[in-house]
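Below: one structure, written as structure tokens.
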Amino acid sequence: MVKFYYSFIIILLLSVVNSSTAQTVDRPRVLVTTDGEADDRASMVRFLLTSNEFEVEGIVNSSSQFHWEGGQGWNAFHPVTWVKEYIDLYAQVYPNLQTHDTLFPHPDYLHSIWKVGNIAEIGEYQKRTKGAKFIAETLLDTTDHRPIWLQAWGGTNTIASALKIIEEDHPEKMNYVARKLRLFLIWEQDQSYQDYIRPHWEHLNITTIISDQFDCMAYIWPKVLPKTIQPYFEKDWMTTNIIEGHGALCNAYENSQGAFNAEGDTPAFLHTIPNGLNSTDSPDFGGWGGRYVKVRNNVWMDPLPDSSFTRPTKQWGFENSWSKLLEHITTPEDIQIRTAYFKPIWRWLPEVQNDFAARADWCVQPFDAANH
């Protein structure tokens, strides 16, 4: 009887400890900057439906070499209010999302952390915009020392502006900021990383991922994804599981005649989802956002597709990217190289898409009728 009593007490104490630990596990802190391209808007739908997995610190409009406020034609800049509109759509499904996980952030909170950054010109980082000052204040906050992932879905210029504010006004805090700062860049979509961030901050050992693998989730997906993966992106699957009958937010999902169009920025936050792969601990572990190798300081880039490739020494993206080179190859040998190059992301895409489908269901289904 005494033995049973002590066994019961031990089990009870362990259950309390485990319960307490589960409630206090930190979620990754993330802050998004976006240039508002169509694929950014598609990524935002998925991001908002995944926001229970993060502590969302901010959503900031920025620009890129592709889209800025003065851009014309294809380079035209989508009005910044699209972020507000998407949060409003999220608000319509928020009550049902809450029945699946109470950690989904309140729409009012998301509105409060939406800011407009440096959008006027390509790569401009001199102006102290509201978005740049907001990022700087978030990084300087000494009440929270935990890492924070800044994601550049477009250019890095608003992030550069924030870091420049810190360097000019609080140079004594640069090391403190660098210790908790993490960067995930979807290419270098303007020159501001090379012009400012790299010479002023890179030596401070900031974990920085500059991704090219993301492109297999962008507009070239029909060319580069294996045929066995493509059904998850085609019209039948997308309309059934995401676009139709899943509430106001999913109704706004940017698509290509019902099929997947592009979500080139999604790997930036897929990388931080706490799914047990621990890729945030070291980018070479590999995870939903890709697998990367260290190239200098604490900067991580894509593994070499082939020994004939060389790494860029300056801005990395678009014209000199490996993904654009591999997009147009035709020989079986080169196609095999391309397939292997994108594998760190596409190997997980069935799980990624099924996760998206489950979250789309959370917008409209009761708890007992959905996957968790």
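The values are calculated or read from the model by the stated rules, or taken from the named source; none is laboratory data. Predicted model, so just to flag it, every value in this text is computed and none were measured. Positions of Cβ are backbone-derived with ideal geometry, glycine not excepted, and every protein chain shown enters the neighbour counts.
Scanning for something in contact with a Leu (Cβ under 6 Å, 6 or more places away or on another chain), at pLDDT 95 or above and part of a helix (DSSP H, G or I), does region 15-33 turn up at least one residue? Steps first, please.
First, the residues of region 15-33 that are in contact with a Leu (Cβ under 6 Å, 6 or more places away or on another chain): 31.
Adding the requirement that they be at pLDDT 95 or above leaves 31.
Adding the requirement that they be part of a helix (DSSP H, G or I) leaves none.
Among the residues of region 15-33, not one is in contact with a Leu (Cβ under 6 Å, 6 or more places away or on another chain), at pLDDT 95 or above and part of a helix (DSSP H, G or I), which makes the answer no.
For region 234-300, which fully contained helices (runs of 4 or more DSSP H) count at least 3 residues that are touching an Asp or Glu at 6+ places or on another chain (Cβ under 9 Å) and either closer than 24 Å to Gly36 by Cβ or at pLDDT below 95 (or both)?
Working: elements: 235-238, 247-251, 267-270.
Filter on region 234-300 gives 247-251.
Here are the criteria: (1) touching a residue at least 12 places away in the same chain (Cβ under 8 Å); (2) surrounded by fewer than 18 Cβ atoms within 10 Å (Cβ to Cβ); (3) assigned to a loop (DSSP other than H, G, I, E, B). Tell me which single one Ser307 does not satisfy.
(1) is the only condition that Ser307 fails.
Which numbered condition in (1) within 30 Å of Glu53 (Cα to Cα); (2) more than 19 Å from the chain's Cα centre (by Cα); (3) among the basic types (Lys, Arg) is the only one that Lys314 fails?
(1)
So which residues in region 217-250 are of a type outside the set (D, E, K, R), farther than 17 Å from Asp355 by Cβ and touching a Gly at 6+ places or on another chain (Cβ under 9 Å), if there are any at all?
Those that are of a type outside the set (D, E, K, R), farther than 17 Å from Asp355 by Cβ and touching a Gly at 6+ places or on another chain (Cβ under 9 Å): Ala218, Tyr219, Thr239.
Mind listing whichever residues of region 133-145 are out of contact with any helix residue (DSSP H, G or I) (no Cβ under 8 Å at 6 or more places or on another chain), assigned to a loop (DSSP other than H, G, I, E, B) and β-branched (Val, Ile, Thr)?
Listed by number, the list holds a single entry, Thr143.
Anything in region 111-132 that is under 21 Å from the mean Cα position of the chain (by Cα) and either outside any helix (DSSP H, G or I) or closer than 27 Å to Tyr193 by Cβ (or both)? List them, or say none. Spell out the reasoning first.
The initial filter retains those residues of region 111-132 that are under 21 Å from the mean Cα position of the chain (by Cα), namely 111-119, 123, 131-132.
Passing the criteria: Ile113, Trp114, Lys115, Val116, Gly117, Asn118, Ile119, Gly123, Gly131, Ala132.
Test Leu270 against the criterion of being of a type outside the set (Phe, Trp, Tyr), touching a Gly at 6+ places or on another chain (Cβ under 6 Å), surrounded by fewer than 22 Cβ atoms within 10 Å (Cβ to Cβ) and closer than 30 Å to Arg146 by Cβ, and give yes or no.
no
Out of all the residues in region 316-324, is one or more in contact with a strand residue (DSSP E or B) (Cβ under 9 Å, 6 or more places away or on another chain) and assigned to a loop (DSSP other than H, G, I, E, B)? Walk me through how you get there before you give the answer.
Taking region 316-324 and keeping what is in contact with a strand residue (DSSP E or B) (Cβ under 9 Å, 6 or more places away or on another chain), we get 316-317.
Next cut, assigned to a loop (DSSP other than H, G, I, E, B) only: 316-317.
Yes: one or more hits.
From the list Ile210, Ile148, Ile206, exactly one residue is buried (at least 23 other Cβ atoms within 10 Å of the Cβ) and either touching a helix residue (DSSP H, G or I) at 6+ places or on another chain (Cβ under 8 Å) or under 19 Å from Met301 (Cβ atoms) (or both). Which is it? It would help to see each step written out before you state the result.
Values: Ile148 fails: buried (at least 23 other Cβ atoms within 10 Å of the Cβ); Ile206 fails: buried (at least 23 other Cβ atoms within 10 Å of the Cβ).
Unique residue meeting the criteria: Ile210.
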